[in-house]
Amino acid sequence: MNENAIEIHDLTKKRGKFSIQDLSLTLPKGCIMGLVGENGAGKTTLIRLILGALQKDGGSIAVLGRESGGKDFRSVKEDIGVVPDEIGFPYSMNAKLVGSVMRRTYKKWDEALYEKYLADMSLPASQPFKDYSRGMKMKLGIAVALSHRPQLLILDEATNGLDPVARDEAVTAFGEFTRDEGHAVLISSHIVGDLEKICDYIAFLHKGKLLLCEEKDALLEKYGVLRCPKESLAGLPEGAVAGKRESPYGVEALVRRDLLPEGMPVSNVSLEELFVFMVKGNGAAETASFEEDFFA
């Protein structure tokens, strides 16, 4: 039995001026992986490649043990729940009719579970979809994705548009989903706080390149923030500084704890800080556009 929900090796895809370059990552079953990146980083392109909606140029993608887009891939689509960034049900339909259609679409559709999600998420069964807010549309998409009992859940900005209470409910649902060791979740988001709460693994994507993909807890233990005068950085070992930002008052640097001299005062780093530091490390010219997108 394959213990990984997703395996990607040396993936490449060129679309106009944008390209995904030699990307490799593994999502084990029983885990949640957060895919972090600014607008235009390639998160949605990667998800479409995983789902076989785009043809790759090179490399390999296996989903639940089957080659994505291969002749046997159709057989596993029933086991994949997908929530895109835009939920596209017909405006004239309501949640009750959506359930009726899904019952005829998925062999493992669980009507009782669907009704439970509608109740838990306070979604009115008879209200037309056209009258739903963005947050309500997203919650309906999540309810549908979970109600055909998939093994793998793929969510593209699925918490976007939800108020803090609804977002917490969705995050809780994803955590409960992976209590089954045969389940896994891949969730992309720019709301990094959500990912920090629930994810086992974090993948940082920037301009089509995977900056890193590691276990969240190990990542937060590995890196820290050092605040010091600019000249103090020059004396640190090679590779100790992964990114920095300067001000008239000194420097804040993202550092590898294991490469620092003993006793240096290093603060903890959040996932959001970690990603910002790493992107800034690629050059100040990229930083302004990144911050504009990332914190919008």
Worksheet item: Taking E38, is it surrounded by 14 or more Cβ atoms within 10 Å (Cβ to Cβ), of a type in the set (D, E) and farther than 23 Å from H183 by Cβ?
Response: yes
Item to complete: Taking L46 as meeting all but one of (1) assigned to a helix (DSSP H, G or I); (2) surrounded by fewer than 19 Cβ atoms within 10 Å (Cβ to Cβ), write down the number of the exception.
Response: (2)
Item to complete: Could you tell me whether region 258-272 includes any residue that is of a type outside the set (A, V, I, L, M, F, W, C), within 30 Å of K13 (Cβ to Cβ) and at pLDDT below 90?
Response: yes
Discussion item. Within region 170-182, take every residue that is surrounded by 17 or more Cβ atoms within 10 Å (Cβ to Cβ) and out of contact with any strand residue (DSSP E or B) (no Cβ under 7 Å at 6 or more places or on another chain) and give me the one that is nearest to L274 (Cα to Cα).
Written reply: V171
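Can you say whether R103 is outside any strand (DSSP E or B), basic (K, R) and out of contact with any Leu (no Cβ under 9 Å at 6 or more places or on another chain), as far as the supplied structure shows?
Against the criterion (outside any strand (DSSP E or B), basic (K, R) and out of contact with any Leu (no Cβ under 9 Å at 6 or more places or on another chain)), R103 qualifies.
So that you can scan it fast, the table gives a plain yes or no per residue for (1) assigned to a loop (DSSP other than H, G, I, E, B); (2) modelled with pLDDT of 90 or more; (3) among the acidic types (D, E); (4) surrounded by fewer than 17 Cβ atoms within 10 Å (Cβ to Cβ):
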position: G88; (1), (2), (3), (4): yes, no, no, yes
position: K116; (1), (2), (3), (4): no, yes, no, yes
position: L123; (1), (2), (3), (4): yes, yes, no, no
position: L162; (1), (2), (3), (4): yes, no, no, no
Worksheet entry | Meets criteria (of a type outside the set (F, W, Y), at pLDDT 95 or above, in the same structural domain as S68 (by TED's automatic domain parsing) and out of contact with any Lys or Arg (no Cβ under 9 Å at 6 or more places or on another chain)) for L153 | yes
Response to the item:
Pairing a residue in region 67-84 that is within 21 Å of H183 (Cβ to Cβ) with any residue that is of a type in the set (S, T, Y) and part of a loop (DSSP other than H, G, I, E, B), where Cβ atoms lie under 9 Å and the two sit 6 or more apart in sequence or on different chains, gives E78/Y106
Fill in: Filtered residues of region 51-73 (kept if outside any strand (DSSP E or B) and more than 19 Å from A184 (Cα to Cα))
A53, L54, Q55, K56, D57, G69, G70, K71, D72
Discussion item. Looking only at region 200-240, how many residues end up being among the aliphatic types (A, V, I, L, M), over 26 Å from T44 (Cα atoms) and in contact (Cβ under 8 Å) with a residue 40 or more places away in the chain?
Written reply: 2
Practice prompt. Could you list all residues from region 101-133 that are acidic (D, E) and within 20 Å of E169 (Cβ to Cβ)?
Written response: D110, E115, D120
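The values are calculated or read from the model by the stated rules, or taken from the named source; none is laboratory data. The shown structure was predicted, so the numbers you read here are calculated from the model rather than taken from an experiment. Backbone-built Cβ (ideal geometry, glycine too); neighbour counts: all protein chains shown.
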